[in-house]
Structure formats: structure tokens, C-alpha cells
1. Here is a list: 48, 39, 11, 17. Which entry is modelled with pLDDT of 95 or more and not hydroxyl-bearing (Ser, Thr, Tyr)?
2. So which residues in segment 79-123 are surrounded by 17 or more Cβ atoms within 10 Å (Cβ to Cβ), among the charged types (D, E, K, R) and over 18 Å from residue 61 (Cβ atoms), if there are any at all?
3. Given 65, 74, which one is in contact (Cβ under 8 Å) with a residue 24 or more places away in the chain and either assigned to a helix (DSSP H, G or I) or touching a helix residue (DSSP H, G or I) at 6+ places or on another chain (Cβ under 9 Å) (or both)?
4. Only one of 32, 46 is among the aromatic types (Phe, Trp, Tyr), out of contact with any Gly (no Cβ under 7 Å at 6 or more places or on another chain) and either surrounded by fewer than 18 Cβ atoms within 10 Å (Cβ to Cβ) or at positive phi (or both). Can you tell me which?
5. Taking only pairs six or more apart or across chains, which ones have beta-carbon atoms under 6 Å, a first residue in segment 243-268 that is hydroxyl-bearing (Ser, Thr, Tyr), and a second residue that is in a helix (DSSP H, G or I) and surrounded by 10 or more Cβ atoms within 10 Å (Cβ to Cβ)?
6. Among the numbered conditions (1) out of contact with any Phe, Trp or Tyr (no Cβ under 7 Å at 6 or more places or on another chain); (2) in a helix (DSSP H, G or I); (3) in contact (Cβ under 8 Å) with a residue 40 or more places away in the chain, tell me where residue 110 comes up short.
7. For residue 42, only one of the following conditions fails: (1) among the acidic types (Asp, Glu); (2) more than 29 Å from residue 173 (Cα to Cα); (3) under 16 Å from the mean Cα position of the chain (by Cα). What is its number?
8. Got a number for residues in segment 234-257 being hydrophobic (A, V, I, L, M, F, W, C), closer than 14 Å to residue 46 by Cα and loosely packed, with under 15 Cβ neighbours inside 10 Å?
Amino acid sequence: MLEKVTDTAKALMAFKAETDTIPYAKKIADYFNIDTPAALKEDFGFQASVLHFEMRSRSLDYFLEKTSASTVLELSAGFSLRGLEYAHRNINTTYLDTDLNSIITAKTGMLENMGETVPSNLQFLDLDALDEKSFPAVSSEVLIINEGLLMYFNRESQRRILRNIHSLLNKNGGTWVTADIYLKHETHTLGSDRDKKWNTFFKKNNVHENYFESFGQAEQFFHDNGFRIIEKYEPEFEKLSSLPKLLETGTPKQLELLKSRGRIQETWQLAVK
């Protein structure tokens with residue numbers, strides 16, 4: 001049941017666990033006893049969602065692989081263990097994994113229960129993106145990343161978040177990569193929300209109203225709030241483990257509908273103007 005925004009952090013693991021590229025996703029799903037019925041795994045809409053979230057996750061990894069920043073700050077990380085994987089592989093980089101206190105407490109408890117070793121260059125911190133004072137003090141160039149944050153806030157609250165990020169980048173240098181560039185769309189159009197739980201949740205939290213009308217509108221919004229676009233991520237379909245399953249489950253009509261809909265989401269790397 002989706003009631004609070006924080007509930008989505010756990011619910012999304014049902015999709016992510018069906019991939020082979022998202023670190024620890026299957027272990028996290030097992031920890032939370034998330035078991036997707038076999039019949040649902042054969043549903044085209046479900047597989048379309050799996051592909052979407054795998055691609056969104058990959059878009060952040062793309063920029064992480066390129067960065068020279070000595071500090072990575074992930075906002076609203078949820079139960080993702082991207083930071084754990086990255087910190088193990090990049091011992092000279094400090095990774096700050098942040099979210100609201102309830103999520104961070106549950107996450108550190110999960111890691112302890114799973115018996116995972118947390119490297120010294122990985123820190124878990126409470127952070128409210130609306131509160132500038134909760135942002136950590138960093139003393140070097142920083143790469144800020146996030147996926148699944150801005151759509152839960154109206155434009156005024158989004159501006160507050162942008163001001164806080166702008167302030168940190170202005171002081172330390174670096175860039176911000178956000179996967180939250182979403183256009184208005186209906187979650188049920190491809191059958192990926194059969195029980196309407198996501199659509200109901202989105203309406204309750206006004207998520208649809210927080211999406212952008214166009215990518216042009218999104219560009220203007222970030223420009224007006226002091227950012228410029230450095231790079232837009234281009235999908236790397238050949239790196240997505242879920243693509244073969246999507247093609248297998250979809251009918252020609254469903255695949256054509258998905259293709260004709262065009263992009264509803266993009267990931268951008270931004271810098272202070």
C-alpha cells in the first residue's frame with residue numbers, strides 16, 4: 001500500500017529486483033520480502049516499468065563513471081545501495097548517502113542485518129532537501145545526484161531545493177545530475193499500473209501537477225533558477241538487462257505504442273550559471 005512518499009523507496013524495489021545491473025537490488029527485495037508474482041513478470045506494462053527504472057538508474061551511473069569529483073552527494077537515496085557499490089570501487093572518493101531520518105535509520109539497520117561491510121568512505125546522513133542547514137559541509141568539488149525527488153514537491157518547494165543545491169555548488173564547485181526531468185503522462189496508459197495504486201498515490205500527492213509540460217519548460221525552469229545544462233543523458237539500451245524480456249512479453253502493437261509515446265523522462269547534468 002502506498003500512503004507516504006517514503007513508501008515508494010521500498011515499492012520500487014519490485015521493479016529494480018528484476019534487473020541484473022542495479023547493485024544489491026535482489027538482496028534488498030528479499031530483505032523486504034518483496035516477491036513479484038510470476039504472472040506479473042510476464043506482463044508488458046510491468047516489464048516496461050522495469051526497463052524505465054533500470055534506464056533511470058543507469059543514467060546516474062553513467063555520470064558517476066565520468067566524474068572527477070572527490071565527493072558524491074546522493075539526495076533522496078531511498079534504499080538504493082548505489083553508494084555502497086561505488087564506495088567499494090572508488091576508495092579515494094567520499095560518498096554521502098542521504099535521505100530523511102526514517103529512511104536512513106531503516107537503511108543502516110538493513111545493512112547490518114544483511115551483514116554488509118560499510119567502507120569508511122561511505123557515510124549515511126539525514127538530509128531534508130528543503131532545509132539548507134541539513135546539507136552537509138563539504139570542502140571539495142562535489143557531484144550531486146538524485147532520482148525520484150523533485151516530482152513530490154510543487155514548483156515553489158522545487159525552487160527551494162534548487163536554491164539549496166545551487167548554494168552548495170556555488171561554494172564548492174561541481175555539478176548536479178538529476179533524473180527527475182519528467183513530462184506529464186498517465187501511468188496506466190501502457191498497463192503498467194493495473195491496480196491503479198501508483199495513479200491513486202500520484203493524484204493524492206499531486207505528482208502529475210509537478211511534472212513539466214515539455215522539456216523546453218523544464219529547461220527554462222532550471223535556467224530561471226540559476227542552472228545551465230552541461231549534458232543530457234542518451235539511453236544506452238545495449239546496457240539494459242531488462243530489454244530482452246520487454247521485447248519478449250510485448251505484442252507488436254504494445255511495442256509500437258511504447259515507441260510512439262516518445263520520451264517522458266530525461267536525466268540532465270547541470271552546473272551553476
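The values are calculated or read from the model by the stated rules, or taken from the named source; none is laboratory data. What you see is a predicted model, and the numbers here were worked out from it, not measured in a lab. As a convention, Cβ positions derive from the backbone with ideal geometry for all residues, glycine included, and neighbour counts pool all protein chains shown.
1. On the way: 48 fails: modelled with pLDDT of 95 or more; 39 fails: modelled with pLDDT of 95 or more; 11 fails: modelled with pLDDT of 95 or more.
Step by step, each of 48, 39, 11, 17 is checked, and only 17 is modelled with pLDDT of 95 or more and not hydroxyl-bearing (Ser, Thr, Tyr).
2. Those that are surrounded by 17 or more Cβ atoms within 10 Å (Cβ to Cβ), among the charged types (D, E, K, R) and over 18 Å from residue 61 (Cβ atoms): 99, 107.
3. Numbers: 65 fails: in contact (Cβ under 8 Å) with a residue 24 or more places away in the chain.
So the residue among 65, 74 that is in contact (Cβ under 8 Å) with a residue 24 or more places away in the chain and either assigned to a helix (DSSP H, G or I) or touching a helix residue (DSSP H, G or I) at 6+ places or on another chain (Cβ under 9 Å) (or both) is 74.
4. Values: 46 fails: either surrounded by fewer than 18 Cβ atoms within 10 Å (Cβ to Cβ) or at positive phi (or both).
Answer to the selection: 32.
5. Partner pairs satisfying both residue conditions: 249/44; 249/47; 267/59.
6. Condition not satisfied by residue 110: (1).
7. (3)
8. Of the residues in that region, 1 qualify.
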